[in-house]
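The values are calculated or read from the model by the stated rules, or taken from the named source; none is laboratory data. Owing to the predicted nature of the structure, the values given are computational and were not obtained by experimental measurement. Here the Cβ positions follow ideal geometry from the backbone for every residue, glycine too, while neighbour counts run over all protein chains shown. Note: areas computed on protein heavy atoms with side chains; ligands, DNA, RNA excluded. Shrake-Rupley method; radii C 1.70, N 1.55, O 1.52, S 1.80 Å.
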Amino acid sequence: MRDRGYLLLRMPDFGLTTDEYAVLADVYDRDLELDRWLPPGQRRRSRAYQCFDVAVDGLVFTPNDTPRPYVQSMSVNPLQGGLEREFRLVPSGHPVTAVAEKIARTVAESLVAADLLTERGPARLVADAHYIRITAPGEPAPEGVHHDGLLAGSAHLVRREGITGGVSGAYDTPTHCLESFELTEPLDSFVFDDRKVMHYTTPIEPVAGAERAFRDVLLIGFRSS
């Protein structure tokens, strides 16, 4: 990742047990709410949110139950940039907190290995965990090819059911894709240096006859506190 700016991981070893994965998947059925920040005609996204304060030395994660509103600039999110968005908060007492922390810690370890998190950088960071379901037909990335305004981030497939599409890509310019790939198996993941590469995921469509059609993804972002 140090050279390319991104890392594609097929079923990485996050050390999750079967029960922990079930806790994670259950969040998407029970704890999300419709994303009211999208324009009314584009509300095919449901989400929930958790926040962690991170001490880089030792990678100590502390859940934060009173996070500030989530803000991105217009330059990285022309749809919702500049808005102080608040999402449904998953409280730290929820059993998924330990699961999200385990995944985020593994991502942070990969960032340390890639020299993106170092003693020369910020001593403290914020890690955001976004639990997102896109219902088909829908757009995982309505803002187009984009940065997130982060130090680094990652996307982890939780489930996809009854859909086609959802092909992701890493870009060095808005029109040049370095590599495209499809996250297909639970916990297939994409880790990226947000300052070096942009990313995008194509729209999803329901498969004919599917009773349910959705794509569940956990997004982890690391940013300055």
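Residue pairs whose Cβ atoms lie under 9 Å apart, separated by 6 or more positions or on different chains, with the first residue in segment 136-153 and on the phi > 0 side of the Ramachandran plot and the second among the hydroxyl-bearing types (Ser, Thr, Tyr) and open to solvent by 20 Å² or more (accessible area, probe 1.4 Å), are Gly144/Tyr200; Gly149/Ser73; Gly149/Ser75. Provide a single number: the residues in segment 145-162 that are touching a Lys or Arg at 6+ places or on another chain (Cβ under 6 Å) and more than 19 Å from Gly121 (Cα to Cα). Qualifying residue count, segment 145-162: 3. Of the strands (runs of 3 or more DSSP E) lying entirely inside segment 1-107, those carrying at least 2 residues that are of a type in the set (A, V, I, L, M) and open to solvent by less than 70 Å² (accessible area, probe 1.4 Å) are 6-9, 45-55. Checked against the criterion of being under 22 Å from Pro63 (Cα atoms), aliphatic (A, V, I, L, M) and not in a loop (DSSP other than H, G, I, E, B), the candidates Leu219, Leu157, Leu150, Leu117 yield just one match: Leu219. Report yes if Ser189 is on the phi < 0 side of the Ramachandran plot and in contact with a Gly (Cβ under 7 Å, 6 or more places away or on another chain), otherwise no. Judged against the criteria, Ser189 is not a match. Within 30 Å of Asp19 (Cβ to Cβ) and in a helix (DSSP H, G or I): is that true of Ala127 in this structure? The answer is no for Ala127. Checking each residue in segment 194-216 for being open to solvent by 10 Å² or more (accessible area, probe 1.4 Å) and either in contact with a Leu (Cβ under 7 Å, 6 or more places away or on another chain) or basic (Lys, Arg) (or both) picks out Arg195, Lys196, Arg212, Arg215.
Within segment 164-175, residues that are touching a residue at least 12 places away in the same chain (Cβ under 8 Å) reach partners that are surrounded by 19 or more Cβ atoms within 10 Å (Cβ to Cβ) and among the basic types (Lys, Arg) with beta carbons closer than 8 Å, at six or more positions or on different chains, in the pairs Gly166/Arg160; Gly166/Arg215.
Within segment 149-160, the residues that satisfy the criterion of being open to solvent by 20 Å² or more (accessible area, probe 1.4 Å) and closer than 25 Å to Tyr21 by Cβ are Arg159, Arg160. Filtered by the rule that a residue be among the aliphatic types (A, V, I, L, M) and either at pLDDT below 95 or over 13 Å from His156 (Cβ atoms) (or both), segment 17-55 gives Ala22, Val23, Leu32, Leu34, Leu38, Ala48, Val54, Ala55.
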